[in-house]
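Structure first, then comments.
What follows draws every value from the coordinates through simple rules; no lab data is involved. Just so you know, these numbers come straight off a predicted model, no measurement behind them. Cβ sites come from the backbone with ideal geometry, for glycine too, and all protein chains shown count toward neighbours.
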Amino acid sequence: MKLATWNVNSIKVRLPQLLDWLAGAKPDMLCLQELKTEDAKFPRAELEAAGYTCAVSGQKTYNGVAILSNTPTGEIAAGIPGFADEQKRVIAATVHGMRVVCVYCPNGQAVGSDKYEYKLRWFAALRDYLAAELQNHPRLAVAGDFNVAPEDRDVHDPKAWEGQVHVSEPERAAWRALLALGLQDSFRLFEQPEKVYSWWDYRMMGFRRNAGLRIDHVLLSEELARACTSSTVDKAPRKLERPSDHAPALAELSTGA
DNA sequence: ATGGCTACGATCCGTAGA
C-alpha cells in the first residue's frame, strides 16, 4: 500500500508529469494540492484512464485538493466541518480500509499578517476536526502540504529562516498539536539522510543548491504507523523541465496490518 | 540588494505562493 502527496502547482500544467509519475511510482492513492482549477475543468477522464478514481474539491486560480485512488472511494467530505472557508483546502475520503484527509494548509505569507492569523486559526480548526476523525477512524492518514517545517533539520538554512513564516514557533506549536492527537510524522519513523526537503524555491536556483524546506508530510495514526515500512521524498519530478516547486512525499504500509 | 521564478487571469501588470 503506497500513499503519496504532491502539491502539483496547477493540475493543468502538471498533468503530463502527473500521469508519468503515476505510471512509474504506481501509488495506491495520491493526495493532490494546488489544483488551481474548478471541478468542471479537472482532468478526471485522463486520470480515470490511468486507473484512478478522483475525489475533487477545486477552485478557480487558487487552492484546490483531490484524492486519487486505484480502488473505489467512499464517504467523501470536503472542507472542515464548522469552519466556514471559501478556500478549498481539505478533502477526506475512505479508501483502502483507511480514512485519508488531504490538506493544503495556508501559506501564512508573513508572521503577524492577516494571512498568518488565518493560518493559525485554520490549524486550530484542523486539529479539532482530526480529533473527531480519529474517534471514528483509528486508521487515519493525513497527507498534504502543511506549509510548516517541523524542526530546524527540516530547513536548509535555519539561521536565515529563524522566526520566519513556515518555521515560527506558533506554527510549529500548531504542528505539534496535531502530533499530540496521536498522529506521527511518517518520515521520522525511520533513519533518514540529512537535508531531505520537499519544496525548493523556483528562484535563486533553489533546487540545484538544495535550498529547501520539508513541508509536505504524511501523518499516520498509531495503528497505521505500526504498519508503515518506509517514508521518503521522490525528488525526481523536481528535476524535470517546468516542474512543480514541490516534490511528492510517500509512505508505504504493509498490507493486512 | 528583501529581489531573484512560476501560474493565473487579467491584459502587457498585479496577486499569490513559500
Taking only Cα atoms of region A:57-133, radius of gyration then Dmax in Å: 13.4, 43
Could you tell me how far the Cα centroid of region A:34-99 sits from the Cα centroid of region A:194-247, in Å? 21 Å
Rg/Rg_ref, region A:2-47, where Rg_ref = 2.2 N^0.38 Å and atoms are Cα: 1.08
By the rule of another cysteine's Cβ lying under 4.7 Å, the cysteines of chain A that fail to get a partner are A:C54, A:C105, A:C228
Long-range tail of P(r) for region A:47-93 (Cα pairs > 15 Å, %): 47 percent
Square roots of five times the Cα gyration tensor eigenvalues for region A:1-100, Å: 20, 17, 11
Mean residue ellipticity at 222 nm from the helices of chain A, using -39,500 (n - 2.57) per DSSP H segment of n ≥ 4 over the full residue count, to the nearest 500 deg cm²/dmol? -7500 deg cm²/dmol
Of the candidates A:R14, A:R203, A:R127, which one comes out as most mobile in a Gaussian network treatment of chain A with C-alpha springs shorter than 10 Å? A:R203
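Any of A:K115/A:K239; A:K36/A:K235; A:K60/A:K239; A:K195/A:K239; A:K88/A:K195 with alpha carbons more than 25 Å apart? Name them for me.
Numbers: A:K115/A:K239 31 Å; A:K36/A:K235 22 Å; A:K60/A:K239 27 Å; A:K195/A:K239 17 Å; A:K88/A:K195 31 Å.
Flagged as over cut-off: A:K115/A:K239; A:K60/A:K239; A:K88/A:K195.
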Loop only by DSSP, 11 or fewer other Cβ within 10 Å of the Cβ. Give me the GluC sites (Glu not before Pro) in region A:64-138 that pass, ordered by residue number. A:E86
Counting Lys and Arg as +1 and Asp and Glu as -1 over every other residue whose Cβ sits under 15 Å from the Cβ of A:K26, the net charge comes to -3
How high is the relative contact order of chain A, given as a whole-number percent (alpha carbon pairs under 8 Å, six or more residues apart)? 19 percent
Averaging over all projection directions, find the projected area of the Cα convex hull of region A:124-229 and quote it in nm² with one decimal place. 7.1 nm²
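Give the calculated FRET efficiency between A:A132 and A:K60 to the nearest 0.05, with a Förster radius of 41 Å applied to their Cβ-Cβ distance.
Values: r = 30 Å, r/R0 = 0.73.
Here the calculated transfer efficiency is 0.85.
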May I ask for the net charge around A:L189, where only other residues with Cβ less than 12 Å from the Cβ of A:L189 are counted and Lys, Arg are +1 while Asp, Glu are -1? -2
For chain A, taking Cα atoms only, what is the radius of gyration to one decimal and the Dmax to the nearest whole Å? 16.7, 47
